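The values are calculated or read from the model by the stated rules, or taken from the named source; none is laboratory data. Quick caveat, the model's predicted, so the values are computed rather than measured. Cβ coordinates were reconstructed from backbone atoms using ideal geometry, including for glycine residues, and neighbour counts include every protein chain displayed. Surface accessibility is based on the protein's heavy atoms, side chains included, excluding ligands, DNA and RNA. Shrake-Rupley method; radii C 1.70, N 1.55, O 1.52, S 1.80 Å.
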Amino acid sequence: SVYRATTTAPVNIAVIKYWGKRDTTLNLPTNSSLSVTLSQRSLRTLTTASCSAAYPPADTLNLNGSPQDIQSSKRTIACISNLRALRKALEDADSSLPKLSAHPLRIVSENNFPTAAGLASSAAGFAALVRAVADLYELPQSPKELSRIARQGSGSACRSLMGGYVAWRTGELADGSDSLAEEVAPASHWPEMRALVLVVSAEKKDVPSTEGMQTTVATSALFAERAQNVVPERMSAIETAIKYRNFHDFAEITMRDSNTFHATCLDSWPPIFYMNDVSRAAVRLVHDINRVVGRTVCAYTFDAGPNAVIYYEDKDSEIVAGTVKAILGPNTEGWDGVFYERLANVT
Ligand code: DP6
């Protein structure tokens, strides 16, 4: 017989960025981070995990229709072997359970957005992989406990197992057992929050984030300052802003942290550039909108690429989304697509 489980996982966009590892094997971060999980309307990964004694002996992974070489991906192996060990422990404790841990796994995964667009596809991808295999194995572990496994696939993936506002605590232990994601507030806590994802059309060969952060850790003095002195204060300040639904503070901290993160990239040697002229046009536009309206109605953030994510509240959608779309929207030079997203509740 074939055992099967299917799941989806959303993308998350950090407002306090994860950048830098203190342990590259366990994938432990230098600083805590905080993100917002987006709804799965336009951006999500759909994954089916199955296993059977009748499958050919090796585990397989198919991504967007192409077979992947699992053996060359330490991260995928780490996730699968951790999940299999948890299943094995269940089977050892209860001999009536089918021995699924001994069966080859078949994982099929598909994004509903262009993987090349430079959106946080690894976050949704590894979160969906971990969730699907955990469901297949009927593991009792909570999303917080599973985040320890997803983190080893891709750091940002640990935050996609939960909805709403999610913090990834850096932790202190050398074995990483306290480096976990936890929900700070559900999406329903601040139902007005919206995200506008602006995709830059020019396909850029960015420095992959894993490689970029190693260069930054090794060469930037500003990086250490950010991790030790800047992020801890921002983490508590943004958690307070979320608690009281204070958009002004949420927005300012988000924009400043995106800017500081990109400053550490520029301070790396050789320097790393993720934002381009089109990205900078979005930064200027957000500041212009806030100045003209006379209060903070929108905030930008940029990951390891030129795409912009703009946060705003639904009551300001006309002024924010309307203006952004008119000035930077699709069919305007430099931008390829716009996705409007609410926040997601993931259970
Ligand atoms: C800029 O999670 O892709 O998006 O752990 O090496 O897979 P690895 O890195 P990854 O880095 C994401 C970096 C970021 C900021 C963030 O999402 O917090």
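Please give the number of the condition Thr254 fails out of (1) under 17 Å from Ser35 (Cα atoms); (2) out of contact with any strand residue (DSSP E or B) (no Cβ under 6 Å at 6 or more places or on another chain).
Unmet condition: (2).
Output yes when any residue across the stretch 200-208 is closer than 14 Å to Tyr18 by Cβ and among the charged types (D, E, K, R), and no when none is.
no
Residue under question is Ala181, and the condition is that it be in contact with a Cys (Cβ under 8 Å, 6 or more places away or on another chain) and surrounded by 15 or more Cβ atoms within 10 Å (Cβ to Cβ); does it hold?
On the way: in contact with a Cys (Cβ under 8 Å, 6 or more places away or on another chain): yes; surrounded by 15 or more Cβ atoms within 10 Å (Cβ to Cβ): yes.
Judged against the criteria, Ala181 is a match.
Listed residues Glu211, Glu233; which is away from the ligand (no atom under 15 Å from the Cβ) and open to solvent by 70 Å² or more (accessible area, probe 1.4 Å)? Break it down stepwise before answering.
Working: Glu211 fails: away from the ligand (no atom under 15 Å from the Cβ).
Being away from the ligand (no atom under 15 Å from the Cβ) and open to solvent by 70 Å² or more (accessible area, probe 1.4 Å) holds for just one of Glu211, Glu233, which is Glu233.
If only one of Ser101, Ser72 is free of Cβ contacts under 8 Å to residues at least 40 places away in the same chain and either surrounded by 22 or more Cβ atoms within 10 Å (Cβ to Cβ) or within 16 Å of the ligand (Cβ to nearest atom) (or both), which one is it? Break it down stepwise before answering.
Working: Ser101 fails: either surrounded by 22 or more Cβ atoms within 10 Å (Cβ to Cβ) or within 16 Å of the ligand (Cβ to nearest atom) (or both).
One residue alone meets the criteria, Ser72.
Just a yes or no: is a residue in the stretch 115-134 away from the ligand (no atom under 16 Å from the Cβ), surrounded by fewer than 18 Cβ atoms within 10 Å (Cβ to Cβ) and of a type outside the set (Ser, Thr, Tyr)? Steps first, answer last, please.
Of the stretch 115-134, the ones away from the ligand (no atom under 16 Å from the Cβ) are 131-134.
Keeping just the survivors that are surrounded by fewer than 18 Cβ atoms within 10 Å (Cβ to Cβ) gives none.
No, the stretch 115-134 contains no residue that is away from the ligand (no atom under 16 Å from the Cβ), surrounded by fewer than 18 Cβ atoms within 10 Å (Cβ to Cβ) and of a type outside the set (Ser, Thr, Tyr).
Residues in the stretch 215-236: is at least one more than 15 Å from Gly20 (Cβ to Cβ) and either acidic (Asp, Glu) or not in a helix (DSSP H, G or I) (or both)?
The answer is yes, given that some residue of the stretch 215-236 is more than 15 Å from Gly20 (Cβ to Cβ) and either acidic (Asp, Glu) or not in a helix (DSSP H, G or I) (or both).
State which residue pairs qualify: first residue of a type in the set (Phe, Trp, Tyr) and inside the stretch 208-236, second residue open to solvent by less than 10 Å² (accessible area, probe 1.4 Å) in any location, beta carbons under 6 Å apart, and separation of 6 or more residues or different chains.
Phe223/Thr216; Phe223/Thr264
Answer yes if at least one residue in the stretch 25-38 is within 16 Å of the ligand (Cβ to nearest atom), open to solvent by 40 Å² or more (accessible area, probe 1.4 Å), at pLDDT below 95 and out of contact with any Asp or Glu (no Cβ under 8 Å at 6 or more places or on another chain), and no otherwise.
The answer is yes; a qualifying residue exists.
Could you run through the stretch 1-24 and say how many residues are within 11 Å of the ligand (Cβ to nearest atom), on the phi < 0 side of the Ramachandran plot, outside any strand (DSSP E or B) and not basic (Lys, Arg)?
The qualifying residues number 4.
If I filter the stretch 273-291 for residues that are open to solvent by less than 70 Å² (accessible area, probe 1.4 Å), in contact with a His (Cβ under 7 Å, 6 or more places away or on another chain) and free of Cβ contacts under 8 Å to residues at least 40 places away in the same chain, do I get at least one hit?
Scanning the stretch 273-291, I find at least one residue that is open to solvent by less than 70 Å² (accessible area, probe 1.4 Å), in contact with a His (Cβ under 7 Å, 6 or more places away or on another chain) and free of Cβ contacts under 8 Å to residues at least 40 places away in the same chain, so the answer is yes.
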